[in-house]
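Notes to accompany the following structure.
The values are calculated or read from the model by the stated rules, or taken from the named source; none is laboratory data. Source: prediction; values computed, not measured. Cβ atoms come from the backbone with ideal geometry, glycine included; neighbour counts cover every protein chain shown. Ligands, DNA and RNA are stripped out before the accessible areas are found, and what is left, the full protein with its side chains, is counted by its heavy atoms. Shrake-Rupley method; radii C 1.70, N 1.55, O 1.52, S 1.80 Å.
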Amino acid sequence: MKPDVLIIGGGLNGAALAIALARAGMPVTLVESRPLDTFTAEDFDGRAYALSLASKRMLAALELWPSMADEAQPILDIRVADGRPGEGAGFGAVHFDHAEIEEGPMGWIVEDRVVRRALIDRLGETPGIDIRAPARVVDHQTTASGAEATLESGETLRTGLIVACDGRESPTARRAGIHRIRHDYGQSAIVCAVAHERDHGGAAHQLFLPAGPFAILPLPGGHRSSIVWAERPALAARLRNAAEDEFLAALRPRFGDFLGPIRLAGKRFVYPLSLSLAERMTAPRLALLGDAAHGIHPLAGQGFNLGLRDSAALAEVLVEAARRGEDVGSPLVLARYGAWRSFDNTTTALAMSALDGLFSNDNPLLRLGRNLGLAAVERLPALKRRFIREAAGLTGALPRLLEGRPL
Ligand SMILES: Cc1cc2nc3c(=O)[nH]c(=O)nc-3n(C[C@H](O)[C@H](O)[C@H](O)COP(=O)(O)OP(=O)(O)OC[C@H]3O[C@@H](n4cnc5c(N)ncnc54)[C@H](O)[C@@H]3O)c2cc1C
């Protein structure tokens, strides 16, 4: 049978979209070039994601949250400051307390392997998903009446709509002639877990250092945190392979001693950081979603949250169109998705770039301005509450899934 939707890429976003569509009765084929079991291997990906309250509601609506809940750390506090290695935070700092909004914690930290395991288990259990993995799409064509993708094996898959979830280099978007805005941040993120003596109390820390942002994200149990340390690429590469003592000696002046003595609690991973923003989110019989539409700076941990917002919006648009008997790959239907998501994606991507540009330098004048700005925000409760609601993903026109409601 010809599936309604063919999803290229079974990463976090492709998997979440497949589950959302199939649960609403829309058959999908999901093509992923890697074997799915490699995603949950211990050394596959060291990231831990800050998932907003709205993302958690969506994961709950898709029945994914119960298998993550025990391994998710609520974020009770976020502290943002400007600083220098070894000197700690400057005089301006903002403290966002989850108690300032009535809905509960503004987000949760969940490790990549936990999210992937939940997605892969649910993919296998959900009727209506034809999983092709490992299988690579090498070409695709679209006509006014349909689309087809060619696999490396030579097999051709026909569909009404292709959704490209194939990551920030999206070969599918490139074949469709969609240009990208690119910017190299000149930073790489070192990611690893760190064990510490004192309890983190559910607090996440974002320190802006001259070489780039440095985040400490609390992990379950109280005595482990995940760090995301943006550094100059050459230093990041050296630190990944440095002996543990040398690595910790470089880390301590940035991490500080407020959590007591620290040690490494896992492998180090390095991710080069760049902006890769598609100029449009749709083309004939094609929609882009997740990093394929917007690969952004991880500052503030928004990437996967944005992808879930795309999935929630696209699933709602397609399911409603199908219920009305519309062709789900028609230009009118795709235009609704583009109109819903383009503004949020572009403004978030550019805001992350602007923040990185403003903070990642050692200019004394800018430093003074930043500290004055942070100190001013700290004294404005209404503005702080607005930022917390933004971080929780509660602003804007929310699709049903992000409110925790089924499609
Ligand atoms: C250091 C760092 C920290 C981050 N922290 C956070 C955070 O705290 N919170 C947050 O929300 N986000 C965070 N992000 C962002 C988040 O990791 C990404 O937005 C997300 O992983 C993107 O998922 P995706 O499925 O869109 O793309 P990808 O993960 O790139 O998946 C694309 C998939 O497509 C497959 N594929 C590619 N080509 C083909 C083909 N031709 N045929 C078949 N399959 C194909 C690939 O194998 C891959 O599995 C962070 C990112 C970084 C770098």
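Below is a table of values for the structure above.
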quantity	calculated
Selection status of residue 127, surrounded by fewer than 20 Cβ atoms within 10 Å (Cβ to Cβ) and either within 16 Å of the ligand (Cβ to nearest atom) or assigned to a helix (DSSP H, G or I) (or both)	no
Helices (runs of 4 or more DSSP H) wholly inside the stretch 8-86 that include at least 1 residues being farther than 30 Å from residue 210 by Cβ, basic (Lys, Arg) and touching a Leu at 6+ places or on another chain (Cβ under 8 Å)	12-23, 53-61
Whichever residue in the stretch 323-348 is over 22 Å from residue 7 (Cβ atoms) and in a helix (DSSP H, G or I) and, among such residues, is least open to solvent (accessible area, probe 1.4 Å)	348
Enumeration of residues in the stretch 207-236 that are part of a helix (DSSP H, G or I), within 15 Å of the ligand (Cβ to nearest atom) and open to solvent by 30 Å² or more (accessible area, probe 1.4 Å)	233
When residues of the stretch 41-59 are limited to those that are open to solvent by 40 Å² or more (accessible area, probe 1.4 Å) and under 17 Å from the mean Cα position of the chain (by Cα), the one farthest from the ligand (Cβ to nearest atom)	57
Hits in the stretch 130-164 (condition: open to solvent by 40 Å² or more (accessible area, probe 1.4 Å), away from the ligand (no atom under 11 Å from the Cβ) and either in contact with a strand residue (DSSP E or B) (Cβ under 6 Å, 6 or more places away or on another chain) or hydrophobic (A, V, I, L, M, F, W, C) (or both))	130, 131, 141, 144, 148, 156, 158
Selected residue (criterion: least open to solvent (accessible area, probe 1.4 Å)) from residues of the stretch 274-298 that are touching a helix residue (DSSP H, G or I) at 6+ places or on another chain (Cβ under 8 Å) and polar (S, T, N, Q)	276
Which numbered condition residue 24 fails, given (1) within 17 Å of residue 115 (Cα to Cα); (2) open to solvent by 20 Å² or more (accessible area, probe 1.4 Å)	(1)
Subset of the stretch 69-99 [crowded, with 19+ Cβ neighbours inside 10 Å and aromatic (Phe, Trp, Tyr)]	96
Test for residue 167: is it more than 15 Å from the ligand (Cβ to nearest atom) and part of a loop (DSSP other than H, G, I, E, B)	no
The stretch 165-179, residues that are surrounded by fewer than 17 Cβ atoms within 10 Å (Cβ to Cβ) and either under 17 Å from residue 31 (Cβ atoms) or among the basic types (Lys, Arg) (or both)	169, 174
Candidate set from the stretch 110-124 (those that are surrounded by 20 or more Cβ atoms within 10 Å (Cβ to Cβ) and in contact with a Ser or Thr (Cβ under 7 Å, 6 or more places away or on another chain)); member that is farthest from residue 253 (Cα to Cα)	118
Single residue of the stretch 349-358 satisfying the filter (under 21 Å from the mean Cα position of the chain (by Cα) and hydrophobic (A, V, I, L, M, F, W, C)) that is most open to solvent (accessible area, probe 1.4 Å)	350
Number of positions in the stretch 170-185 that are within 9 Å of the ligand (Cβ to nearest atom) and without any contact (Cβ under 8 Å) to a residue 40 or more places away in the chain	1
Only listed residue being more than 17 Å from residue 402 (Cα to Cα), acidic (Asp, Glu) and either away from the ligand (no atom under 16 Å from the Cβ) or without any contact (Cβ under 8 Å) to a residue 24 or more places away in the chain (or both), chosen from 100, 111	100
